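In what follows, a single structure is set out as structure tokens and then discussed.
Each value in this text was obtained by applying a stated rule to the coordinates, not by laboratory testing. The shown structure was predicted, so the numbers you read here are calculated from the model rather than taken from an experiment. With ideal geometry, Cβ positions are generated from the backbone for all residues, glycine too; neighbour counts draw on all protein chains shown.
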Amino acid sequence: MTIPRSRRWLPMPAQSLILFIVWLLLNNTLAPGHIVLGAFLALAIPILVAPMQMAQPRVRNHLLALRYTLMVLYDILVANFEVAMRVIGPTRKLKPAFVPIPLDIEGALPITILASTISLTPGTVSAEVSEDKKWLYIHALHTTDEAALVAQIKARYEAPLKEIFGC
Amino acid sequence: MLSTTIIIVSTLICISLIMNLLRLLRGPDLPDRILALDTLYINSIGLILLFGLYKGSALYFESALLIAMLGFVSTAAICKYLLRGDIIE
Amino acid sequence: MSITVEIIICAFLLMGGLFVLLGSFGLLRLPDFYTRLHAPTKATTLGLAGLLIGSMIYFFVAEQRLVVHELLITLFLLITAPVSAHMMAKSALHHRVKMVKHTQGQQLANTARKRQPPPSDGA
């Protein structure tokens, strides 16, 4: 394990597999020619881009990650009905708010996933991260209690992410 | 029944395209216009999908995929330009 | 194709179309940029997902083959929609786009623009 990551023949095994599968899906075929070409691309591209890679925290708990994904998909569905009601209803009654959220998780990947989740779920959009990566600014479409909103996001999305990445 | 539904849904999407165009023309600030353009390309993906469904051909998905990718890249590029005044640093 | 499958496909298509319409309606109707950002990022993404699932079922039943492009497009949109929303919110902050008057915590926009942590009493 003393070989640096960029010198190995298979620097990113998971990404290679994803590239191979997506290539076959894009061509919608299982022809031998495409399998060979896909395998070549899946081996060559990671070797070329490996020096650009930054160290990311690894997923520790795969089962929890799957549950998190399903929960987010369900929340997206609910979020849409909520936003639909707000859009159709009277706009004068809307109480938008600009709220900072303190971040407990660190690392680019977990924060990105948290921000994306916030953007896709009930009435909130992430707007900006502070330079020290400790605060996330979000905009809420309608809220009466900012503290409750922050607590809900921290409990529902941040805590599982923290467990998944173990940081 | 399916072809009637496809026509109805296409009408809905055309109405939303017109709304996007209105926002694009009216939008008081530049970010509003970017948002309108972003929504415009996503809606046009929907319209292309419906056309593919109407013709019963899976060929149009390729163009939908291309529009999705180019649209995202162009939105990101315009936002970057507004943020920094430069696309490539 | 049986009538049940056709009804399911029609339901997915109609739901998708309605959500796309709703997203654009919100884009036209809501009062300021930040609230407008909410409608297209959420409603339009779900609407497109509905359309794509409907067409996937259609091609699966009518032509007996799995067209997976739809799945790829759905995944791609799900990944890129929040990213572009974030970038647009960021550029709006830096362009000092006005918020509606009764937005709570407006003074925070200044600290957010400079990417500083909020003042300690705001937490």
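Points to keep in mind about this one:
- Residue satisfying condition, being part of a strand (DSSP E or B) and within 19 Å of the chain's Cα centre (by Cα), within set A:I101, A:I76, A:I105: A:I101
- Tally, over the stretch C:84-98, of residues that are among the hydrophobic types (A, V, I, L, M, F, W, C) and more than 7 Å from every other protein chain (Cβ to nearest Cβ): 0
- The residues of the stretch B:49-61 that are surrounded by 17 or more Cβ atoms within 10 Å (Cβ to Cβ) and part of a helix (DSSP H, G or I), listed by number, are B:L49, B:L50, B:G52, B:L53, B:Y60, B:F61.
- Those helices (runs of 4 or more DSSP H) lying entirely in the stretch C:2-78 with at least 3 residues among the hydrophobic types (A, V, I, L, M, F, W, C), at the interface with chain B (Cβ under 7 Å from one of its Cβ atoms) and under 20 Å from B:G56 (Cβ atoms): C:3-29, C:45-62
- Condition met for A:T69 (exposed (fewer than 12 other Cβ atoms within 10 Å of the Cβ) and among the polar types (S, T, N, Q)): yes
- Residues of the stretch B:47-77 satisfying the condition of being out of contact with any Gly (no Cβ under 7 Å at 6 or more places or on another chain), on the phi < 0 side of the Ramachandran plot and at the interface with another protein chain (Cβ under 8 Å from one of its Cβ atoms): B:L49, B:L50, B:G52, B:L53, B:E62, B:A64, B:L65, B:A68, B:M69, B:F72, B:T75, B:A76
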